[in-house]
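**Student:** Provided herewith is a single structure, encoded as structure tokens, for subsequent inquiry.
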């Protein structure tokens with residue numbers, strides 16, 4: 001699990017090429033993620049949950065299609 005104690009999530013990106021529509025992100029953070037008509041996840045509202053919930057949703061993705069960044073553009077998750 002990534003450490004968010006001193007870092008806040010500023011940007012959420014879903015890689016549509018990696019997304020397989022497993023919807024685990026939607027199950028964990030339905031206020032943040034939704035599936036479109038192609039059964040691909042997208043960001044509904046980046047402020048729809050707290051950072052811990054968003055990180056849990058990203059970690060639940062079986063293809064690591066959810067990328068989280070801090071305010072400086074540094075990738076928080078998945079680890080590089």
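**Student:** Surrounded by 17 or more Cβ atoms within 10 Å (Cβ to Cβ) and outside any loop (DSSP other than H, G, I, E, B): does that describe residue 68?
**Tutor:** yes
**Student:** Now for a different question. Output yes when any residue across the stretch 50-60 is part of a loop (DSSP other than H, G, I, E, B), buried (at least 17 other Cβ atoms within 10 Å of the Cβ) and in contact (Cβ under 8 Å) with a residue 12 or more places away in the chain, and no when none is. First the steps, then the outcome.
**Tutor:** Narrowing the stretch 50-60 to residues part of a loop (DSSP other than H, G, I, E, B): 50.
Narrowing further to those that are buried (at least 17 other Cβ atoms within 10 Å of the Cβ): none.
Checked the stretch 50-60: no residue is part of a loop (DSSP other than H, G, I, E, B), buried (at least 17 other Cβ atoms within 10 Å of the Cβ) and in contact (Cβ under 8 Å) with a residue 12 or more places away in the chain.
**Student:** Among the residues of the stretch 34-43, which ones are surrounded by 15 or more Cβ atoms within 10 Å (Cβ to Cβ) and over 10 Å from the mean Cα position of the chain (by Cα)?
**Tutor:** Passing the criteria: 34, 35, 40.
Since every read-out is calculated from the coordinates, none of them should be taken as a lab result. Only a predicted model underlies this, so the values are computations on that prediction, with no experimental measurement involved. Every residue, glycine as well, gets a Cβ built from its backbone with ideal geometry; the counts of neighbours run over all protein chains shown.
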